[in-house]
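Heads up, the thing below is written out as structure tokens.
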Ligand SMILES: Cc1ncc(COP(=O)(O)O)c(C=O)c1O
């Protein structure tokens, strides 16, 4: 936690600092130098502002899984460089020096680590390789589109805040046929990935200080967007309709965000009766926008328990087509390729207009030409891409699951029905488990994993501290290697 005093951050606790540090230990050199170097850089960019008190040496050492001496020497280096000062009784503080105050924002540490290259086996990103059908279409659009069709894609200015007409229609037919959610092209706004879809809805629906209810744990991107929008975060356990109803009644949120089908990170599918309860709640609270994220809905694991033919579980909006406060967001990133950056918002007319206005203000529209290629891909290849991707994902899941069972039998996790991640609970050792410290130690064994706190609202007794998220998107060989390395932590 960071504690503000007079608008300034007065102190930062060890877990929050660990998030900011990212993969600090993934370079050559002694740990204390790497740590001092990273702290100095954060002070330079203003992310650790002047006056901020750093955590006590022992607390930071525990959180980083290093010796106290490593932290003490790093703090000494900072003092030697004139970046920090230590006073008896008031700890070690960053001292004033040239900074860029605009750099100060509380990014979720998950995204901070995306900015770095590191040699670690990366189990943090639930991101997939490009499907071969997609690669072929991008390589040679003429395989899907005739010359006049291709020429039509470059007609006009190319600024399309609602999205390309053909792609809006293709996404609408996808939702209608694959998700049983009757949709017209006019109900779709094309976005730059699912991430922007969520972000735009938040911008449209939530004012600073209002509450937002999310599942805890949840997709870290939504936490980041909500924090930037200055929402008050309220977490409820995934799939707990009673807790959700209580949270809505108590906190009067502007927005509820849920991942009912193949929850990230848990991989669960919300049962049909729970979906009905959520829809009934939405009906009782027309002032609250309910966002249903179907980004992972088609990533089903064939060997998982539960129904897997097609999409197991229809979107909430399909259960109550008349409700104007049900919004659906999604993305092709997990089925096709994240590099397409193609997502969407599906909403009633009023919200479509608001989201398109927010999209225009954000970036004037996503890349126009590619939208035409993606529309043609959806029409011609969607089924074959889904089949290919499910095999791709299943092989990787099977490899990681088997490796965890043999190398880390004391870890507990529910078999996901779909999605790209395993949400694993670390065994209670002698002391209290801390998955952030574990992730730090894992990094030095060459494996990057997401500690649960980055997927948590920070509420509740645990705040994700006993869990880690493992994405099974690397090759089976690397996943096996990673499990062996994790067992050695
Ligand atoms: C549930 C969920 N929604 C949205 C996204 C973001 O998708 P995109 O890469 O299309 O921005 C992700 C990515 O991990 C996700 O898991």
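Taking interchain pairs and intrachain pairs at least six residues apart, which have beta carbon atoms under 9 angstrom, with the first residue in segment 114-140 and without any contact (Cβ under 8 Å) to a residue 60 or more places away in the chain and under 30 Å from residue 21 (Cα atoms) and the second within 16 Å of the ligand (Cβ to nearest atom) and part of a loop (DSSP other than H, G, I, E, B)?
Pairs that qualify, where the first residue is without any contact (Cβ under 8 Å) to a residue 60 or more places away in the chain and under 30 Å from residue 21 (Cα atoms) and the partner is within 16 Å of the ligand (Cβ to nearest atom) and part of a loop (DSSP other than H, G, I, E, B), are 114/124; 114/125.
Any chance segment 422-439 includes a residue that's in contact (Cβ under 8 Å) with a residue 60 or more places away in the chain and within 16 Å of the ligand (Cβ to nearest atom)? Give the derivation first.
Our first condition is that a residue be in contact (Cβ under 8 Å) with a residue 60 or more places away in the chain; within segment 422-439, this holds for 422-423, 434, 436-438.
Okay, now just the ones that are also within 16 Å of the ligand (Cβ to nearest atom), so 422-423.
Yes: one or more hits.
Among 53, 41, which is the only one that is out of contact with any helix residue (DSSP H, G or I) (no Cβ under 9 Å at 6 or more places or on another chain) and modelled with pLDDT under 85?
Values: 53 fails: modelled with pLDDT under 85.
Of 53, 41, the one residue that is out of contact with any helix residue (DSSP H, G or I) (no Cβ under 9 Å at 6 or more places or on another chain) and modelled with pLDDT under 85 is 41.
Those residues that are within 7 Å of the ligand (Cβ to nearest atom) and surrounded by fewer than 24 Cβ atoms within 10 Å (Cβ to Cβ), I need them from segment 187-203; list them, please. First the steps, then the outcome.
Narrowing segment 187-203 to residues within 7 Å of the ligand (Cβ to nearest atom): 193-196, 198.
193, 195 - these are the residues of segment 187-203 that are within 7 Å of the ligand (Cβ to nearest atom) and surrounded by fewer than 24 Cβ atoms within 10 Å (Cβ to Cβ).
Residue check: is residue 317 in a helix (DSSP H, G or I), in contact with a helix residue (DSSP H, G or I) (Cβ under 8 Å, 6 or more places away or on another chain), surrounded by 19 or more Cβ atoms within 10 Å (Cβ to Cβ) and touching a residue at least 12 places away in the same chain (Cβ under 8 Å)? Lay out the reasoning, then the answer.
On the way: in a helix (DSSP H, G or I): yes; in contact with a helix residue (DSSP H, G or I) (Cβ under 8 Å, 6 or more places away or on another chain): no; surrounded by 19 or more Cβ atoms within 10 Å (Cβ to Cβ): yes; touching a residue at least 12 places away in the same chain (Cβ under 8 Å): yes.
No, not satisfied.
Listed here are the residues, each with its yes/no results for (1) in contact (Cβ under 8 Å) with a residue 40 or more places away in the chain; (2) out of contact with any strand residue (DSSP E or B) (no Cβ under 7 Å at 6 or more places or on another chain); (3) not in a helix (DSSP H, G or I).
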position	(1), (2), (3)
355	yes, no, no
358	yes, yes, no
362	yes, yes, no
374	yes, no, no
379	yes, yes, no
384	yes, yes, no
388	yes, yes, no
398	yes, yes, no
416	yes, no, yes
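Report, by residue number, each residue of segment 156-186 that is within 16 Å of the ligand (Cβ to nearest atom), assigned to a loop (DSSP other than H, G, I, E, B) and closer than 15 Å to residue 374 by Cβ.
163
Cβ contacts < 6 Å: first residue part of a helix (DSSP H, G or I), restricted to segment 67-83; second residue surrounded by fewer than 15 Cβ atoms within 10 Å (Cβ to Cβ), any location; separation 6+ or different chain. Result?
What qualifies is 68/58.
Considering only residues that are away from the ligand (no atom under 14 Å from the Cβ) and either touching a residue at least 40 places away in the same chain (Cβ under 8 Å) or part of a helix (DSSP H, G or I) (or both), which ones fall in segment 204-215? Please lay out each step first, then the result.
So in segment 204-215, the residues away from the ligand (no atom under 14 Å from the Cβ) come out as 204-213.
Listed by number, the residues that qualify are 204, 205, 206, 207, 210, 211, 212, 213.
From (1) within 25 Å of residue 473 (Cα to Cα); (2) surrounded by 14 or more Cβ atoms within 10 Å (Cβ to Cβ), pick out the condition that doesn't hold for residue 383.
With (1) within 25 Å of residue 473 (Cα to Cα); (2) surrounded by 14 or more Cβ atoms within 10 Å (Cβ to Cβ) applied to residue 383, the lone miss is (2).
In the set 340, 364, 323, 335, which member is modelled with pLDDT of 95 or more, in contact with a helix residue (DSSP H, G or I) (Cβ under 8 Å, 6 or more places away or on another chain) and surrounded by fewer than 18 Cβ atoms within 10 Å (Cβ to Cβ)?
Values: 340 fails: surrounded by fewer than 18 Cβ atoms within 10 Å (Cβ to Cβ); 364 fails: in contact with a helix residue (DSSP H, G or I) (Cβ under 8 Å, 6 or more places away or on another chain); 335 fails: surrounded by fewer than 18 Cβ atoms within 10 Å (Cβ to Cβ).
Going through 340, 364, 323, 335 in turn, just one is modelled with pLDDT of 95 or more, in contact with a helix residue (DSSP H, G or I) (Cβ under 8 Å, 6 or more places away or on another chain) and surrounded by fewer than 18 Cβ atoms within 10 Å (Cβ to Cβ): 323.
Does residue 405 satisfy the condition of being in contact (Cβ under 8 Å) with a residue 24 or more places away in the chain and more than 14 Å from residue 134 (Cβ to Cβ)? I'd like the intermediate steps shown before the answer.
Numbers: in contact (Cβ under 8 Å) with a residue 24 or more places away in the chain: no; more than 14 Å from residue 134 (Cβ to Cβ): yes.
The answer is no for residue 405.
Name the pairs whose Cβ atoms lie under 7 Å apart, with the first residue in segment 219-247 and within 20 Å of residue 275 (Cβ to Cβ) and without any contact (Cβ under 8 Å) to a residue 40 or more places away in the chain, the second assigned to a helix (DSSP H, G or I) and more than 16 Å from the ligand (Cβ to nearest atom), and 6 or more positions between them or separate chains?
Taking only residues 6 or more apart or on different chains, the pairs are 236/243; 236/244; 236/247; 237/243; 239/274; 244/278; 244/281; 245/281.
The values are calculated or read from the model by the stated rules, or taken from the named source; none is laboratory data. Remember, predicted model here, so these are calculated numbers, not experimental data. Note: ideal-geometry Cβ built from the backbone for every residue, glycine included; neighbour counts use all protein chains shown.
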